[in-house]
Structure formats: structure tokens, C-alpha cells
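S.K.: My questions will all concern the structure given below.
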Amino acid sequence: MAQGRESRKLTVEDVARVTKIRANFLEAIEADDYQKLPSGAVAKGFIKNYSDYLDMNHEQVLAVFRRDFVEDEQGKIVPRGMVQPVNETSIWNPKTTFIAFLALIFTVFGGYLFYQIRILTGPPPLTLESPKDGIIIHEDTVRVFGSTDPEATLSIDGQLVALEKGGQFEFRIPVQMGENKVTVTAISKYKKTRSITRTVIYSKP
């Protein structure tokens with residue numbers, strides 16, 4: 001707009017006298033410094049009157065203004081992008097961030113607590129590395145080897161056995177000719193049990 005005014009050899013004061021728009025507002029419009037104007041509605045009115053006075057297409061000038069500037073929640077004119085549109089509400093703010101953080105803490109703590117309770121009240125862990133299911137042996141004893149909870153009670157085919165340090169166990173038990181079932185059972189202090197049964201086939205070479 002400054003070029004249009006200067007091409008007519010007019011000063012800002014000349015335009016102000018005719019349009020009744022204060023000179024400092026005209027200078028703000030020419031400098032695209034709309035933050036100095038009272039509100040968006042006032043800015044649009046001034047832009048229209050100033051454009052019409054200079055025989056400029058005020059619709060085009062207003063379109064550029066609406067493209068580049070917007071009113072914030074306080075009604076101040078700011079460059080678009082520095083503030084969300086007034087009709088768009090953000091749910092992410094310091095309060096919701098704090099609530100989300102607390103929810104995360106409680107979720108992690110609750111999950112850990114549930115995991116610990118499940119370990120304490122559920123059946124004990126039991127791993128049986130030997131014998132493998134369906135193994136064929138050619139001797140009358142078989143190696144039983146594995147691990148469980150050090151605080152659990154262990155039995156092999158109903159016979160209580162002592163655990164080594166760390167909950168490991170290793171024994172050789174007798175088997176009969178043909179198919180044998182070897183059952184290892186671990187019992188927690190809460191009387192929860194876990195059992196593993198393996199088939200062992202004893203045949204002479």
C-alpha cells in the first residue's frame with residue numbers, strides 16, 4: 001500500500017485526514033505490523049477503507065491479510081502459525097501432561113506389583129533339561145536335571161528331593177525295561193504346583 005500511496009504523491013498524514021484513520025495505524029498497515037491495531041475486525045475495516053481510497057482491490061488485500069494473520073484467544077492479531085485457530089482447541093497442556101505422567105507412573109508401578117504378586121502366589125518356575133521327552137536309553141538309570149525356585153519343594157515321581165544352591169537339581173533314578181514316565185513336581189510355599197512329565201524308553205542295546 002505504501003507504493004500505491006507514494007505513486008499518488010500522498011503522505012500518510014494526507015491519507016489520515018481523508019480516511020479518518022490515525023497515521024500510526026496506516027503506518028502499521030503498510031508495514032504489515034498488525035499487532036499495533038486494536039483487533040482483527042478493526043484491522044479489516046481499516047484495510048478496506050485504505051484500499052478503496054487508493055483504488056486497490058480490497059478483497060485481494062484482505063485475502064492476503066487473512067492468509068497471513070489470525071486473532072489469538074485474547075483478540076490480538078498475530079502471524080498465523082504462532083497460535084492455533086480460535087476454533088481449534090488443544091487438549092495437550094501442562095495439566096494434561098502432568099496427568100499423563102502420573103498415569104504412566106501408576107501403570108508401571110501397578111504392572112510391576114501385579115507381576116510380583118503373580119510370582120509370589122502363582123506356581124513356581126520349573127525347567128527340566130534332562131531327560132528329553134521320548135528319549136531312548138540303554139541303561140537302567142536316567143539323569144534328571146533342571147532348576148526351580150530355591151524356596152520350592154521338589155519331588156520326582158512322588159519322592160521328595162533336596163535342591164542345590166540356586167534351585168538346581170540333578171539326580172539319577174532307576175527305570176524299568178520299556179516305557180517309563182518321569183514326573184517332576186515343584187510346589188511353592190503357597191501350595192501352587194507345576195509339573196513336567198517326560199517319557200523315557202529303556203531298551204537293551
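The values are calculated or read from the model by the stated rules, or taken from the named source; none is laboratory data. All values derive from a computational prediction rather than experimental measurement. With ideal geometry, Cβ positions are generated from the backbone for all residues, glycine too; neighbour counts draw on all protein chains shown.
S.K.: Could you tell me whether LYS132 is assigned to a loop (DSSP other than H, G, I, E, B) and either over 40 Å from the mean Cα position of the chain (by Cα) or surrounded by fewer than 10 Cβ atoms within 10 Å (Cβ to Cβ) (or both)? First the steps, then the outcome.
M.R.: On the way: assigned to a loop (DSSP other than H, G, I, E, B): yes; either over 40 Å from the mean Cα position of the chain (by Cα) or surrounded by fewer than 10 Cβ atoms within 10 Å (Cβ to Cβ) (or both): yes.
So LYS132 passes the test.
S.K.: Filter region 15-44 down to the residues that are in a helix (DSSP H, G or I) and either basic (Lys, Arg) or loosely packed, with under 14 Cβ neighbours inside 10 Å (or both) and list them by number.
M.R.: ARG17, VAL18, ASN24, GLN35, LYS36, ALA41, LYS44
Let's see how each residue does on (1) at pLDDT below 95; (2) surrounded by fewer than 14 Cβ atoms within 10 Å (Cβ to Cβ); (3) on the phi < 0 side of the Ramachandran plot:
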position	(1), (2), (3)
GLN116	yes, yes, yes
GLY122	yes, yes, yes
ASP140	yes, yes, yes
VAL144	no, no, yes
ALA152	yes, no, yes
ASP157	yes, no, no
LEU163	yes, no, yes
GLY167	yes, no, no
